[in-house]
1. Identify, from the list 14, 73, 48, the residue that is under 25 Å from residue 115 (Cα atoms) and out of contact with any strand residue (DSSP E or B) (no Cβ under 8 Å at 6 or more places or on another chain).
2. With the structure loaded, tell me whether residue 114 is within 23 Å of residue 17 (Cβ to Cβ) and touching a helix residue (DSSP H, G or I) at 6+ places or on another chain (Cβ under 8 Å) or whether it fails that test.
3. Does region 119-154 hold any residues that are within 14 Å of the chain's Cα centre (by Cα), within 16 Å of residue 93 (Cβ to Cβ) and surrounded by 14 or more Cβ atoms within 10 Å (Cβ to Cβ), and which are they?
4. Looking only at region 16-35, count how many residues are assigned to a loop (DSSP other than H, G, I, E, B) and surrounded by 14 or more Cβ atoms within 10 Å (Cβ to Cβ).
């Protein structure tokens, strides 16, 4: 981002960050960034922050570099990390998909927990108190669901 954001742009980014954070605390997300919770709070309040702060926000959510700049320019919400869903129907759809996968019930339970919890799904999978084989199963299932939802979201945008 080569320039400071306008107040209107900061407000839009603030709304995006608050929605994306979901039920995760500002403190937990700030730790992932890494930045202070005070700085995270400033972003969510739409206050002016240093431009490199937005790179930390992108890291915390697992968004690609420049995702916020792209959002400011186009209004397109970032995809990746936690923000897989662009539409209000997607989290419920992801849970339905998780329950329908041909996997062990423990994998399904972990998928639902990850989808409902908010945070970065990859970090959450890696932090599971499970063996590596189970984590790989959950990761593969999550990626399959994520691909399906991304496809559905792209077809909805064009409709």
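Every number in this text was worked out from the coordinates using simple rules, so none of it is lab data. Since we're looking at a predicted model, the values are computed, not measured. FYI the Cβ positions are ideal-geometry reconstructions off the backbone, even for glycines, and counts take in every protein chain you see.
1. Numbers: 73 fails: under 25 Å from residue 115 (Cα atoms); 48 fails: under 25 Å from residue 115 (Cα atoms).
Among 14, 73, 48, only 14 is under 25 Å from residue 115 (Cα atoms) and out of contact with any strand residue (DSSP E or B) (no Cβ under 8 Å at 6 or more places or on another chain).
2. For residue 114, the condition - within 23 Å of residue 17 (Cβ to Cβ) and touching a helix residue (DSSP H, G or I) at 6+ places or on another chain (Cβ under 8 Å) - is met.
3. Listed by number, the residues that qualify are 121, 142, 146, 149, 150.
4. In the first step, residues of region 16-35 are kept if they are assigned to a loop (DSSP other than H, G, I, E, B); the result is 22-25, 33-35.
From the residues that got through so far, the ones that are surrounded by 14 or more Cβ atoms within 10 Å (Cβ to Cβ) too are 22, 24, 33, 35.
Going through region 16-35 one residue at a time, the tally reaches 4.
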